[in-house]
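A short worksheet on the structure shown next.
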Amino acid sequence: MNRFQGFETPLAGVWRIERSLIADARGFLGRLFCAEELSAYGWIWPIAQINHALTEKSGTVRGMHFQQPPHAEAKLVSCVKGSVWDVVIDLRRDSLTYMRWTAHVISAINQCALLIPPGCAHGFQSLEDRSELLYCHSHPYVADADAALNPQDPTLAIPWPQTITLISDKDRQRPLLNKTFQGLII
């Protein structure tokens, strides 16, 4: 039985993954990750790191984070509690969808995840208090490769679904895009 069904998004190589659950009166069992099944949607890397994030307040924005090559990473992002509006921006210079973005609600209820290839920025807005995400990363975090776009950049024009109630100083102070940004070569 295939536990995952993938749906293409408007961005090349970014997939919305729906999980099939086995449920009965006791509850359910769901598979969070399976390299063999996810390879059909482009996951070809070992998992190098798994992170768990809790966002306390609804309306909080985190993002738009990525790692610079050669440390660019794929991510499988799942919401295990609450819900978020998850955003991906294609930063791959040679991509047909370069500088476009897509957003999807992922939640503990809908059991969806986003599979994000290397070269994309990722962020989200929590839609509920105490929302929790699990991230499977293809590459470990490298502080010197840490990068992000400003999630409030008017060039990106991301229409956050709620009023932004909280954003880190680091994310708020990220520079706005200008002509010097040429995208990523992956």
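The values are calculated or read from the model by the stated rules, or taken from the named source; none is laboratory data. Keep in mind that what you see is a predicted model, and the values were worked out from it rather than measured. Here the Cβ positions follow ideal geometry from the backbone for every residue, glycine too, while neighbour counts run over all protein chains shown.
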Which count do you get for residues in segment 11-48 that are in contact (Cβ under 8 Å) with a residue 40 or more places away in the chain, under 19 Å from ASN110 (Cβ atoms) and in contact with a Ser or Thr (Cβ under 9 Å, 6 or more places away or on another chain)? 8
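So which of ASP153, ASP144 is more than 11 Å from the chain's Cα centre (by Cα) and either under 22 Å from ARG19 (Cα atoms) or assigned to a helix (DSSP H, G or I) (or both)?
So the residue among ASP153, ASP144 that is more than 11 Å from the chain's Cα centre (by Cα) and either under 22 Å from ARG19 (Cα atoms) or assigned to a helix (DSSP H, G or I) (or both) is ASP144.
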Give GLU128, GLU132 a once-over and let me know the one that is assigned to a loop (DSSP other than H, G, I, E, B), at pLDDT 95 or above, in contact with a strand residue (DSSP E or B) (Cβ under 7 Å, 6 or more places away or on another chain) and more than 20 Å from PRO70 (Cβ to Cβ). GLU128
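Residue by residue, here is whether (1) without any contact (Cβ under 8 Å) to a residue 40 or more places away in the chain; (2) at positive phi; (3) part of a strand (DSSP E or B); (4) buried (at least 17 other Cβ atoms within 10 Å of the Cβ) holds:
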{"residue": "ALA53", "(1), (2), (3), (4)": "no, no, yes, no"}
{"residue": "LYS57", "(1), (2), (3), (4)": "no, no, no, no"}
{"residue": "VAL61", "(1), (2), (3), (4)": "no, no, yes, yes"}
{"residue": "PRO69", "(1), (2), (3), (4)": "no, no, no, no"}
{"residue": "GLU73", "(1), (2), (3), (4)": "no, no, no, yes"}
{"residue": "LEU76", "(1), (2), (3), (4)": "no, no, yes, yes"}
{"residue": "CYS79", "(1), (2), (3), (4)": "no, no, yes, yes"}
Flagged in segment 108-125 as part of a strand (DSSP E or B) and either within 21 Å of TRP43 (Cβ to Cβ) or hydrophobic (A, V, I, L, M, F, W, C) (or both), in numbering order, are CYS112, ALA113, LEU114, LEU115, ILE116, CYS120, ALA121, HIS122, GLY123, PHE124
Would you point out the residue of segment 133-181, among those that are crowded, with 17+ Cβ neighbours inside 10 Å and charged (D, E, K, R), that is nearest to CYS79 (Cα to Cα)? ASP171
